[in-house]
Amino acid sequence: MNGQVKRAFKFRFYPSEAQAAELSRTFGCVRKVYNLALQARTEAWTQRGERVGYEATSALLTTWKRTDELAFLAEVSAVPLQQALRHLQTAFGNFWAKRARFPRFRSRKKSRMSAEYTRSAFRWRDGTLTLAKMAEPLDIRWSRPLPEGAVPSTVTVSRDAAGRWFVSLLCEDTSVTPLAVTDAVVGIDVGLDHLLVLSTGEKIGNPRHERRDRERLARAQRLLCRKQKGSNNRAKARVKVARVHARIADRRTDYLHKITTRLVRETQTLVIEDLAVSNMLGNRRLSRAISDAGWRQFRQQLEYKAQWYGRDVIVVDRWFPSSKLCSACGAPAAEMPLHVRTWTCGCGTTHDRDVNAARNILAAGLAVTVCGAGVRPQRNPPGGQSATKQKTPRREP
């Protein structure tokens, strides 16, 4: 790292009535343009086999603004509308590269409301932010200072399902510097009884944020079901449900940030497992607990923080049988049901299932750094048993 990274700083703000109305109109126009462009590109591909790019949809946007039916698109800032077309272009690029599914239409009720402004559509002066089409700056609650001398390159305004308004400022942060190199290495095994189990033997608890608020969430959902569809009371009840979900998500994110920051600060090399979380969510018995654990979010935070601060993250293949191998002698167990939490190998070593798995993950990750190859399960283990990983049940991808 060169000490300079693109970093987004997110703050809550409280718009005036005029600002809220303008932003709501902008959100609606952004969603409309995105859906129209998606429809045009889909029809071009399915009917004529043509790939319509950003330039063509930008020309279509100009045409739409000149029609009587869509003349309202010209009443809001043009920059968020152009950014919506760029985001659609990125979505199609990910689809053609087989990194994502085909882009979907945005729903008024289910989609997150947001609009992105570039430098030509906002004014940043003396720590105040004024968006295009607005006379007054946003009332932002600065929960932390921006980096010294930082000037936002893009601004994203959003409103979540709970009715909260947020502004995200993308800045160049020059304060991020690599940490001092250490010899510390650790293998990490994720779980449900404990969120993380380290190869050092340390176990980090799973707070189960959703379970703590499950009764409150169920009460809010029952009240929502009793309200008449389309009524104002139902809209208010939906916001109450969203607030409970937001409370759960905020606490989970805060907890994971604290854990990942600590791990990156203390450890030079971190070895994790490449879990197919989306496939594991197909298990109805465990899907709620897996979602609440936030394994995917944990990995994302760990990877970008490691990149910032000069740490190494090694990912071990998901089929590596870490739970079944003895970390002392390397012999695989014949089988390892989920209810077995401790077991004794033929060499006489008694293992804690999760600690043993973390140690095997660490050993496999260090082997990857030496030979540069991926770690795969043994094809012909002793005794003729298949050495496949026995963690939570999952579907084939």
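The values are calculated or read from the model by the stated rules, or taken from the named source; none is laboratory data. Worth saying up front: this structure is predicted, and the values here are computed from it rather than measured. Quick reminder, even Gly has a Cβ in these numbers, built from the backbone with ideal geometry, and neighbours come from all protein chains shown.
Among (1) more than 24 Å from Val155 (Cβ to Cβ); (2) hydrophobic (A, V, I, L, M, F, W, C); (3) surrounded by fewer than 16 Cβ atoms within 10 Å (Cβ to Cβ); (4) free of Cβ contacts under 8 Å to residues at least 40 places away in the same chain, where does Phe105 come up short?
Going through the list (1) more than 24 Å from Val155 (Cβ to Cβ); (2) hydrophobic (A, V, I, L, M, F, W, C); (3) surrounded by fewer than 16 Cβ atoms within 10 Å (Cβ to Cβ); (4) free of Cβ contacts under 8 Å to residues at least 40 places away in the same chain, Phe105 breaks only (4).
How many residues does the range 193-216 contain that are surrounded by fewer than 19 Cβ atoms within 10 Å (Cβ to Cβ) and either out of contact with any Gly (no Cβ under 8 Å at 6 or more places or on another chain) or in the same structural domain as Lys10 (by TED's automatic domain parsing) (or both)?
In the first step, residues of the range 193-216 are kept if they are surrounded by fewer than 19 Cβ atoms within 10 Å (Cβ to Cβ); the result is 193-194, 200-205, 207-208, 211-216.
Imposing the further condition that a residue be either out of contact with any Gly (no Cβ under 8 Å at 6 or more places or on another chain) or in the same structural domain as Lys10 (by TED's automatic domain parsing) (or both) reduces the set to 193, 200-205, 207-208, 211-216.
Summing the residues that are surrounded by fewer than 19 Cβ atoms within 10 Å (Cβ to Cβ) and either out of contact with any Gly (no Cβ under 8 Å at 6 or more places or on another chain) or in the same structural domain as Lys10 (by TED's automatic domain parsing) (or both) in the range 193-216 gives 15.
Could you list, in sequence order, the residues of the range 123-177 that are part of a loop (DSSP other than H, G, I, E, B), more than 20 Å from Lys305 (Cβ to Cβ) and hydroxyl-bearing (Ser, Thr, Tyr)?
Ser153
Which of the residues belonging to the range 263-302 are surrounded by fewer than 16 Cβ atoms within 10 Å (Cβ to Cβ) and part of a helix (DSSP H, G or I)?
Result: Arg265, Glu266, Ser278, Asn279, Ser287, Arg288, Ser291, Arg296, Gln300.
For residues that are β-branched (Val, Ile, Thr) and surrounded by 13 or more Cβ atoms within 10 Å (Cβ to Cβ), scanning just the range 61-89, find the one that is nearest to Leu23 (Cα to Cα).
Filtering the range 61-89 down to residues β-branched (Val, Ile, Thr) leaves 62-63, 67, 76, 79.
Now drop any that are not surrounded by 13 or more Cβ atoms within 10 Å (Cβ to Cβ), which leaves 76, 79.
Working: Val76: 9, Val79: 13 Å.
The extreme case among them is Val76.
Among the residues that make up the range 318-341, is at least one of them touching a Gly at 6+ places or on another chain (Cβ under 7 Å), crowded, with 16+ Cβ neighbours inside 10 Å, on the phi < 0 side of the Ramachandran plot and outside any loop (DSSP other than H, G, I, E, B)?
no
Name the one entry in Val244, Val190, Val239 that is in the same structural domain as Gly294 (by TED's automatic domain parsing) and in contact (Cβ under 8 Å) with a residue 12 or more places away in the chain. Even if it seems obvious, please write down each step before you answer.
Numbers: Val244 fails: in the same structural domain as Gly294 (by TED's automatic domain parsing); Val239 fails: in the same structural domain as Gly294 (by TED's automatic domain parsing).
Exactly one residue qualifies, and that residue is Val190.
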